[in-house]
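> Structure incoming, see below.
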Amino acid sequence: MIGFNYSLGLESYGRTLPPDWPGGFWWHWLVFTVIILAFVMTVLLGFVWFERRALGRMQARLGPNRVGPFGLLQPVADALKVLIKEDIVPSQADKIVHWLAPVVTLVPVLMIFAVVPFQDGALLVDLNIGLLYVVAVSAVPILGIFMAGWASNNKYTLIAAMRDVASVISYEIPVVLSLAGVVLIAGSLSLNQIVLTQNTPLILLQPLGFLIFFIGGLAEINRTPFDLLEADSELTAGFHTEYSGMKFALFYLAEYAEALALSALIATFFLSGWRGPFLPPWLWFLLKIVAMFFVIIWMRATLPRIRIDQLMALAWKFLFPLALLNIVVTAIEVLVWPEALPWGLIPVNIVVAGILVLFLSKKFTLGWGRIEV
Amino acid sequence: MVIKTEPIILNIGPAHPSTHGVFRMRTTLDGEVIVEMEPIFGYLHRSIEKLAEERTYTGFIPLTDRLDYLAAMSNNLAYCLTVEKLAGIPVPERAEYIRVIIAELQRIASHLIAVGAFLQDCGAFMTPFLYMIREREKILDLFEMVSGQRLTYNYMRFGGLSQDIPDEFLPALRKFVDQMPSYIDEYDQLLAENEILLARTKGIGILSRETALNTSASGPVLRASGVEWDIRHADPYSIYPRFEFKIPTGMVGDCYDRYWIRIQEMRQSVRIIKQAMKQLPPGPVRSTVPWLIHPPVGEAYAHVEAPKGELGFYLVSDNSIAPYRCHIRGPSLINLTALRDMVVGWKIADAIVIFGSIDICMGEVDR
Amino acid sequence: MTLVLSTEKLATKLEQQLPGSIIKSNKDNLLVNSGFLFNLASFLKTAPGLEFDFLSNITAVDYYDYFEVIYQLTSTKHNHSLVLKAQCYGRDNPVLPSLVSLWRGADFQEREIYDLMGIKFEGHPNLKRIVLWEGFQGHPLRRDYLSW
Amino acid sequence: MKFEHYGIGIAKGLTVTLRHLFRHPVTVQYPDQRLHTSRRIRGNELVWNEEKCTGCATCAQVCHIGAINIVTSPSRATNTYTVEKYEVDTGYCIMCGLCVEACPFKALYMGYDYERAKYRSGDLVQTKEMMMTTPEKHISGYFYPELATRLPMQTLLLEKVKEEE
């Protein structure tokens, strides 16, 4: 990619290609699809339980503890309940779009995991443009959400859908730009390759990129404090107001799958993925995902929601310039002091990030205020 | 530049998570901006004023609990003060002190709900609400101890209280009063400096001093607009002149001021309770009043500073056992007058926050 | 302590200002000629030394022969209060001038009185039922209203 | 939105929630764990002492809901009233306790138990026999402080919550 020799411990991890499977590519495809689906679904159920328990404890209550040991089977019970519920479609709704929306939302989220490495080479397909693929696919679910909001024929859902489209399109830009820094250092777009090059977790080398990616990612998956599209105090339930039964469950799953995907991507890009001492790689990967998800839950338990114009202003006036500056700083570092990269630039980068954040925090204001009508 | 779009009409309520009951805001939206708002209520109208005319003076006390059910003790107090004024009933010293303690506890409880619900309207997912519910629970425990009920207390009577406080009340109260300030500090730490909360509330829904007075807003809403008007201080009832307390006033009149004032008032209430506990004299808590009173022909208006504002009862007596006319000046209803002014021009999200910051109770709005 | 103004003195002052406006004054309230109500109220709101800037309460009482509307005025500046009363006759179409243009706080309260007592307030910008629905028969707070 | 405090406010809030993660939750899991209610609780039933009752019907007059239905007949021989029918519709009753307060002969008490939900509203009507004082029926101390001392102390959340200071 750039004229920078990248040999940060690549040899020690050996081959990067997927191992040869007995039946060739199709066996590989089948096994990994099943593994990914099983992994995602089980982890999702675990996450639902984890979020509810953690939120409960943070809110001085217990959380679900009735079904199974420690309430572990609560998500299963919820799933069963939601399966046997009546599926209500509003009479004025656009039936086909209404039906299709949850599928369009959930499937692309699952597709993200195709390129996420669980171990060295253990991934469905090691795309050499994996990062571009992730960025492209992760933008598709808004289509489903907009379909849901539009087809429900309800003003709340429509407002929520418009908010979501606006926020996701805005936040794609800082998110992608923040990933450019990762790519500059790693020298590859393949997610497996990015992990392999991270002898030091990139969160240390790219603190600003991490910050932008985390905030932008939260906004894209609509978690607190950016949960505008299902702002329960404003828009009752947002885009899925008119959904019930299994279709609602799919939206619910998609929401958690997005959170899982964000955690997995942060773990891959910034926390050196599956790499770590002593423990098996997949366990490291899972631990990092859970840690990231805990941070997301923690923020949900604490923070209020921001307003739509503040959300947009945050993207365009705060994160976007920061992301551009981040690229410039990273590019200069990579070009000028390539040999100082692993350790020498960590304090420099952290200081630079701090200064930039402080400077921009001082400089800008958000929001429009009152509009004379 | 603002792009105008085709206006859409959105009914926020009557069944909506953040309308605090069955309140309906019929808003006309231009995109996300509210260009017109009309409050519609009456879904909970029970005609309590008419019911009062069919009941004895004493028999109406339980119904006052159902007005502002988050501050039932204040309603009891206001009604009993009015009847005492109408009929000239003396109140024993000890009862006055206990009334003050109870009313201030009720103010804390109501403000806890108000602030918690307000923060939840801002989008803080349940956490501040549940923390504040936890503290309110302790107050409800105390109320349950004295009155036997957790929400509809029916505790005050003309000329005192229904029963004296039990022996275990004061130690528990002391414990609560010692704990409470640290919890208020914790709420401050949780969200008072949070940038997102500041962004959502500072400068939002400004109610100017003139508009606040002109629209007869009262309570924290009026004080947030910079008017130092607290009936406990301006027109003291009961024994409030004996206590030292400050009246927190806001500078701007925005949502943050209203939030901040409620937090400060809780601190002041704790202060009043501490003073009242020190001075609490022994003695009877109820002067001998017949069950069926026949107040002389006339009328009386008495008001108290209820948690939500000026709560007044206007009673007309025709010397019978039932009020000839009972009018309730509910602060929730009248504070809503300014809602349209505050809301128009802001976004839906702001409208919810502004509405939450007024802190109404639909039981009192519709009556 | 909110000072309850000595109504006798005030009555003479008002009588000088607006002759014929005060029908009766006793210890704690002023009975106002309803024709002069609006002028009197605007005088009370602005006159130096009085400045009743806060209309705390409006209510109406049904005395069968007439309706009496009671205004509780307060001045937050001077901390004094005054009770005004106005009477209107006739059960079919009792009318009083509206004070909304002086104190907007009268808005909902006058609507409530209109809804429950049936007193029309002339000049109210949006006089319609507030807690009951449009088309409700009768006015429940009247003494002769029978609910069943 | 201005980052006036550079995110310190957010960080402060996060510490509060994190601290609560290690605190004991205050939830009471109701049917399994029960707290003692107040000694003065106005439970949703009335308890009636037939011996003390003279049939004066003060309770029925005082009840502003009209939930008490009492029919008495004068018996000339003993110069008393006999209570023929005494019914309380606890479906209408709002547990205000005014009847207990008003009873001049201390014959009426609030119940201490509160779990009296029924499937039919008709079952909520307490007849004379159901209201009689029996040994297994708990009487609340509402308005009877001497009865309150027999009841267990109220569990307070204040004392239940132990903070790790």
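The values are calculated or read from the model by the stated rules, or taken from the named source; none is laboratory data. Being a predicted model, the structure only gives us computed values, none of them experimental. Methodologically, a virtual Cβ is constructed for each residue, glycine included, from the backbone with ideal geometry; neighbour enumeration extends over all protein chains shown.
> Got a number for residues in region B:121-165 being within 14 Å of chain A (Cβ to nearest Cβ), charged (D, E, K, R) and touching a helix residue (DSSP H, G or I) at 6+ places or on another chain (Cβ under 7 Å)?
If we filter region B:121-165 for residues that are within 14 Å of chain A (Cβ to nearest Cβ), which is where we start, we get B:121-138.
So of that shortlist, the ones also charged (D, E, K, R) come out as B:121, B:134-138.
Subset that is touching a helix residue (DSSP H, G or I) at 6+ places or on another chain (Cβ under 7 Å): B:121, B:135-138.
Qualifying residue count for the region: 5.
> Right, B:GLY250: at positive phi and buried (at least 21 other Cβ atoms within 10 Å of the Cβ) or not?
Numbers: at positive phi: no; buried (at least 21 other Cβ atoms within 10 Å of the Cβ): yes.
It is false that B:GLY250 is at positive phi and buried (at least 21 other Cβ atoms within 10 Å of the Cβ).
> So A:GLU172 passes all but one of these: (1) surrounded by fewer than 24 Cβ atoms within 10 Å (Cβ to Cβ); (2) within 14 Å of chain B (Cβ to nearest Cβ). Which condition number does it fail?
Status for A:GLU172: all satisfied but (2).
> Let me spell it out: the conditions are (1) within 14 Å of chain C (Cβ to nearest Cβ); (2) over 20 Å from the mean Cα position of the chain (by Cα); (3) of a type in the set (S, T, N, Q), and B:GLN179 meets all of them except one. Which number is the exception?
Unmet for B:GLN179, out of (1) within 14 Å of chain C (Cβ to nearest Cβ); (2) over 20 Å from the mean Cα position of the chain (by Cα); (3) of a type in the set (S, T, N, Q): (1).
> Could I ask something else about it? Quick test of your reading of the structure: B:PRO282 fulfils all but one of (1) over 23 Å from C:VAL131 (Cβ atoms); (2) over 26 Å from the mean Cα position of the chain (by Cα); (3) within 14 Å of another protein chain (Cβ to nearest Cβ). Name the failing condition by number.
(3)
> Next question. Give the residue, chosen from B:GLY59, B:GLY123, that is crowded, with 22+ Cβ neighbours inside 10 Å, on the phi > 0 side of the Ramachandran plot and more than 19 Å from the chain's Cα centre (by Cα). Walk me through how you get there before you give the answer.
Values: B:GLY59 fails: on the phi > 0 side of the Ramachandran plot.
Of B:GLY59, B:GLY123, the one residue that is crowded, with 22+ Cβ neighbours inside 10 Å, on the phi > 0 side of the Ramachandran plot and more than 19 Å from the chain's Cα centre (by Cα) is B:GLY123.
> Mind checking which residues of region B:64-79 are outside any loop (DSSP other than H, G, I, E, B) and either more than 14 Å from chain D (Cβ to nearest Cβ) or surrounded by fewer than 24 Cβ atoms within 10 Å (Cβ to Cβ) (or both)? Give the derivation first.
We begin by selecting, within region B:64-79, every residue outside any loop (DSSP other than H, G, I, E, B); these are B:64, B:72-79.
Result: B:MET73, B:SER74, B:LEU77, B:ALA78.
> Among the helices (runs of 4 or more DSSP H) contained in region A:253-368, which hold 1 or more residues that are at pLDDT below 85 and more than 14 Å from every other protein chain (Cβ to nearest Cβ)? Break it down into steps so the answer makes sense when it comes.
Details: elements: A:281-302, A:308-313, A:320-336, A:341-363.
Ranges flagged: A:281-302, A:320-336, A:341-363.
> Sticking with this structure for a sec: Would you confirm whether or not region C:46-57 contains a residue that is more than 10 Å from every other protein chain (Cβ to nearest Cβ), assigned to a strand (DSSP E or B) and surrounded by 19 or more Cβ atoms within 10 Å (Cβ to Cβ)? If you could, list the steps in order and put the result at the bottom.
The initial filter retains those residues of region C:46-57 that are more than 10 Å from every other protein chain (Cβ to nearest Cβ), namely C:46-52.
Pick out the ones that are also assigned to a strand (DSSP E or B) and you get none.
No, the conditions are met nowhere in region C:46-57.
> Anything in region B:22-38 that is surrounded by fewer than 20 Cβ atoms within 10 Å (Cβ to Cβ) and either assigned to a strand (DSSP E or B) or small (Gly, Ala, Ser) (or both)? List them, or say none.
B:ARG24, B:ARG26, B:THR28, B:ASP30, B:GLY31, B:VAL35, B:GLU36, B:GLU38 - these are the residues of region B:22-38 that are surrounded by fewer than 20 Cβ atoms within 10 Å (Cβ to Cβ) and either assigned to a strand (DSSP E or B) or small (Gly, Ala, Ser) (or both).
> So, in region A:47-70, of the ones that are in a helix (DSSP H, G or I) and touching a residue at least 24 places away in the same chain (Cβ under 8 Å), which residue ends up surrounded by the most Cβ atoms within 10 Å (Cβ to Cβ)?
Applying the first criterion (in a helix (DSSP H, G or I)) to region A:47-70 yields A:47-58, A:69-70.
Adding the requirement that they be touching a residue at least 24 places away in the same chain (Cβ under 8 Å) leaves A:47-51, A:54-55, A:58.
Values: A:PHE47: 22, A:VAL48: 20, A:TRP49: 22, A:PHE50: 18, A:GLU51: 20, A:ALA54: 19, A:LEU55: 21, A:MET58: 29.
It comes out as A:MET58.
> I've got another one for you. Failed condition for B:ASN194, given (1) under 30 Å from D:ARG40 (Cα atoms); (2) over 23 Å from the mean Cα position of the chain (by Cα); (3) of a type in the set (S, T, N, Q), with all others met?
That leaves (1) as the condition not met.
> Just checking, which of B:LEU191, B:LEU213 is at pLDDT below 85 and facing another protein chain (nearest Cβ under 8 Å)? Please lay out each step first, then the result.
Numbers: B:LEU213 fails: at pLDDT below 85.
When all the criteria are applied, what remains is B:LEU191.
> When you go through B:MET266, B:MET277 one by one, which is the residue that is crowded, with 22+ Cβ neighbours inside 10 Å, more than 14 Å from chain C (Cβ to nearest Cβ) and either in a loop (DSSP other than H, G, I, E, B) or not charged (D, E, K, R) (or both)? Step through it out loud before you land on a result.
Working: B:MET277 fails: crowded, with 22+ Cβ neighbours inside 10 Å.
One residue alone meets the criteria, B:MET266.
> Next question. Inside region D:9-36, can you point out the residues that are within 7 Å of chain B (Cβ to nearest Cβ) and either under 31 Å from the mean Cα position of the chain (by Cα) or surrounded by fewer than 15 Cβ atoms within 10 Å (Cβ to Cβ) (or both)?
Kept after step one, since they are within 7 Å of chain B (Cβ to nearest Cβ), are these residues of region D:9-36: D:9-10, D:12-13, D:16-17, D:26.
Selection gives D:VAL26 alone.
> Just the residues that are over 20 Å from B:VAL304 (Cβ atoms) and of a type in the set (S, T, N, Q), please, taken from region B:181-228.
Listed by number, the residues that qualify are B:SER182, B:GLN189, B:ASN194, B:THR201, B:SER208, B:THR211, B:ASN214, B:THR215, B:SER225.
> Let me confirm something: among B:ILE48, B:ILE8, which residue is of a type in the set (A, V, I, L, M) and away from chain D (no Cβ under 14 Å)?
On the way: B:ILE48 fails: away from chain D (no Cβ under 14 Å).
One residue alone meets the criteria, B:ILE8.
> Further question: Quick one: A:LEU235 ticks every box in (1) farther than 23 Å from B:HIS16 by Cβ; (2) crowded, with 21+ Cβ neighbours inside 10 Å; (3) within 14 Å of another protein chain (Cβ to nearest Cβ); (4) of a type in the set (A, V, I, L, M, F, W, C) except a single one, so which number is it?
Looking at each condition in turn, A:LEU235 falls short on (1).
> For region C:59-92, how many residues meet the condition of being of a type in the set (Phe, Trp, Tyr), surrounded by fewer than 20 Cβ atoms within 10 Å (Cβ to Cβ) and part of a strand (DSSP E or B)?
The first filter runs over region C:59-92 and keeps only residues of a type in the set (Phe, Trp, Tyr), leaving C:63-64, C:66-67, C:71, C:89.
From what's left, surrounded by fewer than 20 Cβ atoms within 10 Å (Cβ to Cβ): C:63-64, C:66, C:89.
Narrowing further to those that are part of a strand (DSSP E or B): C:66, C:89.
Counting residues in region C:59-92 that are of a type in the set (Phe, Trp, Tyr), surrounded by fewer than 20 Cβ atoms within 10 Å (Cβ to Cβ) and part of a strand (DSSP E or B) gives 2.
> Which ones in region B:259-307 are of a type in the set (Asp, Glu) and within 30 Å of B:PHE355 (Cα to Cα)? So that I can check it myself, show each step before the final result.
Residues of region B:259-307 of a type in the set (Asp, Glu): B:265, B:299, B:305.
Of everything in region B:259-307, those that are of a type in the set (Asp, Glu) and within 30 Å of B:PHE355 (Cα to Cα) turn out to be B:GLU265, B:GLU305.
> B:LEU222 - would you say it is within 14 Å of chain C (Cβ to nearest Cβ) and either closer than 24 Å to B:ILE272 by Cα or among the hydrophobic types (A, V, I, L, M, F, W, C) (or both)?
Values: within 14 Å of chain C (Cβ to nearest Cβ): yes; either closer than 24 Å to B:ILE272 by Cα or among the hydrophobic types (A, V, I, L, M, F, W, C) (or both): yes.
Yes, satisfied.
> Tell me whether region C:39-46 contains one or more residues that are farther than 23 Å from B:ALA234 by Cα, free of Cβ contacts under 8 Å to residues at least 24 places away in the same chain and not acidic (Asp, Glu). Spell out the reasoning first.
Initial filter on region C:39-46 (farther than 23 Å from B:ALA234 by Cα): C:39-40, C:42-43.
Restricting the remaining residues to those that are free of Cβ contacts under 8 Å to residues at least 24 places away in the same chain gives C:39.
Going one step further and asking which of them are not acidic (Asp, Glu), we end up with C:39.
For region C:39-46, residues farther than 23 Å from B:ALA234 by Cα, free of Cβ contacts under 8 Å to residues at least 24 places away in the same chain and not acidic (Asp, Glu): present.
> Please go through region D:63-82 and pick out each residue that is among the β-branched types (Val, Ile, Thr), surrounded by 11 or more Cβ atoms within 10 Å (Cβ to Cβ) and more than 24 Å from B:TYR155 (Cβ to Cβ). Don't jump to the end; show me each part of the working.
Here is the first cut: in region D:63-82, the residues among the β-branched types (Val, Ile, Thr) are D:65, D:68, D:70-72, D:78, D:80, D:82.
Filter again for surrounded by 11 or more Cβ atoms within 10 Å (Cβ to Cβ), leaving D:65, D:68, D:70-72, D:80, D:82.
Passing the criteria: D:ILE70, D:VAL71, D:THR72, D:THR80, D:THR82.
> Inside region A:249-306, can you point out the residues that are over 25 Å from A:PRO108 (Cα atoms) and of a type in the set (Ser, Thr, Tyr)?
Of everything in region A:249-306, just one residue is over 25 Å from A:PRO108 (Cα atoms) and of a type in the set (Ser, Thr, Tyr), namely A:THR302.
> Okay, moving on. Kindly indicate whether D:LYS85 is in a loop (DSSP other than H, G, I, E, B), surrounded by fewer than 21 Cβ atoms within 10 Å (Cβ to Cβ) and in contact with a strand residue (DSSP E or B) (Cβ under 9 Å, 6 or more places away or on another chain). Give the steps one after another, and end with the answer.
Details: in a loop (DSSP other than H, G, I, E, B): no; surrounded by fewer than 21 Cβ atoms within 10 Å (Cβ to Cβ): yes; in contact with a strand residue (DSSP E or B) (Cβ under 9 Å, 6 or more places away or on another chain): yes.
No: the conditions fail for D:LYS85.
> Where residues in region B:198-239 are hydroxyl-bearing (Ser, Thr, Tyr) and assigned to a loop (DSSP other than H, G, I, E, B), which of them is farthest from the chain's Cα centre (by Cα)? Even if it seems obvious, please write down each step before you answer.
Residues of region B:198-239 hydroxyl-bearing (Ser, Thr, Tyr): B:201, B:208, B:211, B:215-216, B:218, B:225, B:237-238.
Filter again for assigned to a loop (DSSP other than H, G, I, E, B), leaving B:208, B:215-216, B:218, B:225, B:237-238.
Values: B:SER208: 21, B:THR215: 18, B:SER216: 15, B:SER218: 10, B:SER225: 17, B:TYR237: 17, B:SER238: 18 Å.
Per the criteria, the residue is B:SER208.
> Continuing with the same structure: Restricting the search to region C:98-113, which residues are touching a Leu at 6+ places or on another chain (Cβ under 6 Å) and either among the β-branched types (Val, Ile, Thr) or surrounded by fewer than 21 Cβ atoms within 10 Å (Cβ to Cβ) (or both)?
none
> Additional query: From the set of residues in region C:24-41 that are assigned to a loop (DSSP other than H, G, I, E, B) and of a type outside the set (S, T, N, Q), which is nearest to the chain's Cα centre (by Cα)?
Per the criteria, the residue is C:ASP28.
> Okay, next question. For region A:71-90, give me the residue count where each residue is in a loop (DSSP other than H, G, I, E, B) and over 26 Å from the mean Cα position of the chain (by Cα).
Let us first name the residues in region A:71-90 that are in a loop (DSSP other than H, G, I, E, B), namely A:72-73, A:84-90.
Filter again for over 26 Å from the mean Cα position of the chain (by Cα), leaving A:84-90.
Selection size over region A:71-90: 7.
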